[in-house]
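Below is one structure, written out as structure tokens; comments come after it.
Just so it is clear, none of the values below were taken in a lab; they were calculated from the coordinates. Keep in mind the model is a prediction, meaning the values are calculated, not measured. Ideal geometry is used to build each Cβ from the backbone, glycine not excepted, and the neighbour counts take in all protein chains shown.
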Amino acid sequence: MSAYGFVGLGQMGAPMARHLAGTGLVVHDTRPEAMEPLVKAGARAARTVAEVARSAEIVSVMVRDDDQVNEVGAEILASARPGTVLAVHSTIRASTAEELARRAEPYGIEVVDAPVSGGFMGATVGTLAVMVGGSAEAFERCREPFGAWADLVLHMGPVGAGTRTKLARNLLHFVAFTAAAEAQRLAEASGVSLRRLARVVRHSDAVTGGPGAIMLRPTTAPLRPDDDLYDVLRNVRDLGEKDLALAVELACDLDVDVPLARLALDRFGAALGLEEDRDG
């Protein structure tokens, strides 16, 4: 593989870059100590972002926020050769990636927004999911090196599409965390062990796939009765509404506030595409 650059060696960036060490990897971080383990693994440390940009044909950026992406991106655009691909793995605004791509165009540099999902453990073992927004050509160039640290590499569409995918995915992730806290309050008020509840949740989600198991349809439009999923999701709705109603009833008995559960009960059928179906 040709020289590959990596800027930003924090909790996610360092283990991602580690999978590429020894294959022409050039790294930079504002903290010299962050580069040392990668140098020992075969990478070359660059003193500046510009040095990375001059050395590599693909430069991955994993920094904290939009401001840092813009700052690092400007340094890369000023120094990289035409034909370079700038890959942004940070979770940012989609408009930030789109604007960076517009700024890169006169330089002959392609931008892909390629946020990742899977956390530190996924980065460490190389099992991240990466959602790539950019041209088909840029995606093909990135597919192999991204595959060093991700076992799901998907082209989501033009620049910005990767970030929009990540924001939708994280909406589910963090709303689920809030729901988990609500469930724990109900369990605690009921005298249930929170540690044992957590074991049950992790076990059953590993079997069923958790919230992702219900993401079966290519659209959120209402289901037609002749859809293959119609009867399946009617059954899911009936079971879900019954169990949510029981949980809300228990919460009322225990004086536990469960606003997410009440909202879910109110919107559950419509969320499954069954808003108009109330005949059974």
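Where does each of Met121, Met12 land when they are ranked from fewest to most other beta-carbon atoms within 10 angstrom?
Placing the least packed residue first, the sequence is Met121, Met12.
With the contact rule set at Cα under 8 Å and sequence spacing of 6 or more, what percent relative contact order holds for the range 4-165?
Relative contact order comes out at 19 percent.
Could you point to the residue in Pro225, Asn235, Leu250 farthest towards the positive end of the range 216-280's charge dipole, with +1 and -1 charges on the Cβ of Lys/Arg and Asp/Glu respectively?
It is Pro225.
With the cut-off at 1.5 for a/c, could you classify the range 216-280 from its C-alpha gyration tensor as rounded, prolate or oblate?
Prolate shape, in that a/c is at least 1.5 and a/b is the bigger ratio.
If you take the square roots of the eigenvalues of the alpha-carbon gyration tensor of the chain and sort them as a ≥ b ≥ c, do you get rounded (a/c under 1.5), prolate (a/b over b/c) or oblate?
Because a/c hits 1.5 or more and a/b exceeds b/c, the chain counts as prolate.
Could you list Phe139, Phe268, Phe177 so that the one with the fewest beta carbons within 10 Å of its beta carbon is first and the one with the most is last?
On the way: Phe139 22, Phe268 17, Phe177 10.
Taking fewest neighbouring Cβ atoms as first place, the list is Phe177, Phe268, Phe139.
Over what distance in Å are the Cα centres of the range 10-27 and the range 146-177 separated?
Here the two parts' Cα centres lie 20 Å apart.
Can you grab the distance from the C-alpha centre of the range 183-245 to the C-alpha centre of the range 36-115, Å, no decimals?
Measuring centre to centre over Cα atoms gives 40 Å.
What residues of the range 259-273 lie in the reach of a label at Thr178, counting those whose backbone N is under 13 Å from a point 7 Å from the Cα along Cα→Cβ?
259-264
Given a cut-off of under 8 Å on Cα pairs at least six residues apart, what relative contact order in percent is computed for the chain?
12
Rank the residues Val256, Val72 as a footprinting-exposure proxy: fewest other Cβ atoms within 10 Å of their Cβ go first.
So the residues, fewest neighbours to most, are Val256, Val72.
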